[in-house]
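Here the structure is laid out as structure tokens; the discussion comes afterwards.
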Amino acid sequence: MNFRPLHDRVLVRRIEADEKTAGGIIIPDTAKEKPQEGEVVAAGSGARNDAGEISPLEVKAGDKILFGKWSGTEVKIDGEDLIIMKESDILGIMA
Amino acid sequence: MNFRPLHDRVLVRRIEADEKTAGGIIIPDTAKEKPQEGEVVAAGSGARNDAGEISPLEVKAGDKILFGKWSGTEVKIDGEDLIIMKESDILGIMA
Amino acid sequence: MNFRPLHDRVLVRRIEADEKTAGGIIIPDTAKEKPQEGEVVAAGSGARNDAGEISPLEVKAGDKILFGKWSGTEVKIDGEDLIIMKESDILGIMA
Amino acid sequence: MNFRPLHDRVLVRRIEADEKTAGGIIIPDTAKEKPQEGEVVAAGSGARNDAGEISPLEVKAGDKILFGKWSGTEVKIDGEDLIIMKESDILGIMA
Amino acid sequence: MNFRPLHDRVLVRRIEADEKTAGGIIIPDTAKEKPQEGEVVAAGSGARNDAGEISPLEVKAGDKILFGKWSGTEVKIDGEDLIIMKESDILGIMA
Amino acid sequence: MNFRPLHDRVLVRRIEADEKTAGGIIIPDTAKEKPQEGEVVAAGSGARNDAGEISPLEVKAGDKILFGKWSGTEVKIDGEDLIIMKESDILGIMA
Amino acid sequence: MNFRPLHDRVLVRRIEADEKTAGGIIIPDTAKEKPQEGEVVAAGSGARNDAGEISPLEVKAGDKILFGKWSGTEVKIDGEDLIIMKESDILGIMA
């Protein structure tokens, strides 16, 4: 993949709900802004804090994450639909 | 549980009001945004402050908490309804 | 009391106006958001400042305080109506 | 007076305009939000800055001040009408 | 003059446009919020920065200044119409 | 090119979508605020942080970038249509 | 010129578009808030940062700049129409 997100941005590949099976995370159907599962494709090098230092991100490429459905900006890179979002839009990591 | 909340987020299991008995916390019925009782399932590692350091959260897994009813985002993990909220949405800890 | 407010929150027991007599604080009737008298039941350990340190609260359990009428969130703990508010909602301490 | 304002708050006794005579400060009648004269009854110990230190207030009990007419919250303490306002609502000190 | 502005406030005497002659600053008539000329009568000791230190003001008594027409609060001190404004409302100093 | 963007601003030449071929980034047609591809022509020296130091930008002249379609201000320099935007409007760098 | 802008303000002389010839910067006619060319007449000494230090401005008298058309406040000094704006309103410097 030839794309490097800037600052605290993260490139995410959405994992479709119908790919999930038993024991996985199931998103409630009725929730209006239901969180979605995704995989981090690439992460930025981090945002600068007030002291001028770069704070590294807590997520890295390969992490399975949960994020709000309407987070980020959709892009198509190398023919694949991906999402660029800020790390703060990520709810947590599935370990 | 295979989910690690990011930054200052906390994963919470709601404790239903009808499970509570004498001497427990009873939420007034008429309040529109009545606080609810819950149990912390997992807590993030903390948010970064302006100096770039991570401030650990004050709550930990197992804490019984009181939180605003409309706080956080509802998710279903391993078939169980849970809530992901920020620590700042938590009103206090029942000790 | 088995409740510990989080961060800069304070648990307050309202003191009814009709309990007050001569020489006490009397709240004007016509004011729309008239301040009310209360007693601090429990105080949080303090909020973190930008340097990542916890700043202790200025109020403590037992303090008689004046607070804005619409401040905080009402809860019922051990059958008693109480209010959880932020320390910044407290106008001052009656000494 | 048995009231200690919290943080950067100040307890103020309004000085009525009709008490003022020649050489004093006269507020224009037509101004909609005309400043008013007052006397500081009690001052808080100061607000915490970002470094976690308490910055003492610049006004003290006894100071004659000018403040915006609609500043603060009106209270009645020991039967006297007073105002609790933030120090930032005070325009200046009459020396 | 017996008035000391608080923090970063400045007491200003307006200089009427009709007092100005050739070579002076002339304010365009058509501008809706036209800047006005004034003279600093008294300046506060400065506002506290985040480190808790007082930053002295850049203007001092006697400075001829240009300020936005609607800046500040009008007061009458010792029978004279004056304006209390924040230093940030001052556009510049005429040297 | 004789233009130096100020602070954290970046001068960008838009890369038209019809210039792209196989294997490149294709922007989805249906997205309302679809990101666009561009090339950094010139970058500012960086914004000052709270400590008063200049934080250098992460992008430099020649970088191929992805940015939000409605970002920045359009200018024509030496007869060429260009865009001046803040670095924070840039989603990422194509490497 | 006898005017010193305060803090991070800059005094700017507008350069009319009809004075420009081949090879210069041409502003698109259709843009609603089209940037304009100007020359810095005088620059303030800089704004104080959070540490209480003055950060000098990046522009100086004589710089040819590009700024948003609706930036700043129009003044007439010594019979000449000029604009007082903040440095942050300046898009870049033509070198």
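The values are calculated or read from the model by the stated rules, or taken from the named source; none is laboratory data. Predicted, not measured: the structure shown is a model, and the values here were computed from it. No Cβ is skipped: glycine too gets one built from the backbone with ideal geometry, and neighbour counts run over all protein chains shown. Remember, those area values only see protein heavy atoms, side chains included, never the ligands or the DNA or RNA. Shrake-Rupley method; radii C 1.70, N 1.55, O 1.52, S 1.80 Å.
Tabulated data
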| item | result |
| --- | --- |
| Residue among D:I84, D:I93, D:I65 that alone is in contact with a strand residue (DSSP E or B) (Cβ under 7 Å, 6 or more places away or on another chain), under 23 Å from C:A47 (Cβ atoms) and in a strand (DSSP E or B) | D:I84 |
| Selection count where residues are closer than 26 Å to B:G72 by Cα and of a type in the set (D, E), scope segment A:45-79 | 3 |
| Per-region count, segment B:47-95, residues of a type in the set (G, A, S) and under 14 Å from B:D8 (Cβ atoms) | 5 |
| Close pairs from segment F:3-28: first closer than 22 Å to F:E58 by Cβ and at the interface with another protein chain (Cβ under 10 Å from one of its Cβ atoms), partner modelled with pLDDT under 90 and loosely packed, with under 13 Cβ neighbours inside 10 Å, Cβ under 9 Å, at least 6 apart | F:F3/G:A95; F:R4/G:A95 |
| From E:P5, E:P56, residue being at pLDDT 75 or above and out of contact with any strand residue (DSSP E or B) (no Cβ under 8 Å at 6 or more places or on another chain) | E:P56 |
| Residues being facing another protein chain (nearest Cβ under 7 Å) and in a loop (DSSP other than H, G, I, E, B) - total across segment F:71-81 | 2 |
| Residue list for segment F:45-72, restricted to those being more than 11 Å from the chain's Cα centre (by Cα) and of a type in the set (S, T, Y) | F:S45, F:S55 |
| In segment F:25-45, the residues that are crowded, with 17+ Cβ neighbours inside 10 Å and at pLDDT 90 or above | F:E37, F:G38, F:V40, F:V41, F:A42, F:A43, F:G44 |
| Selection within segment A:57-88 - within 15 Å of A:P35 (Cα to Cα) and open to solvent by less than 50 Å² (accessible area, probe 1.4 Å) | A:I65, A:L66, A:F67, A:G68, A:S71, A:G72, A:I83, A:M85, A:E87 |
| Meets criteria (at pLDDT below 90 and not in a loop (DSSP other than H, G, I, E, B)) for D:V12 | no |
| Residue count for segment G:36-70, restricted to those that are within 21 Å of F:I54 (Cβ to Cβ) and within 11 Å of chain E (Cβ to nearest Cβ) | 12 |
| Residues satisfying the stated conditions in segment D:47-74, i.e. of a type in the set (A, V, I, L, M) and touching a residue at least 12 places away in the same chain (Cβ under 8 Å) | D:A47, D:L57, D:V59, D:A61, D:I65, D:L66 |
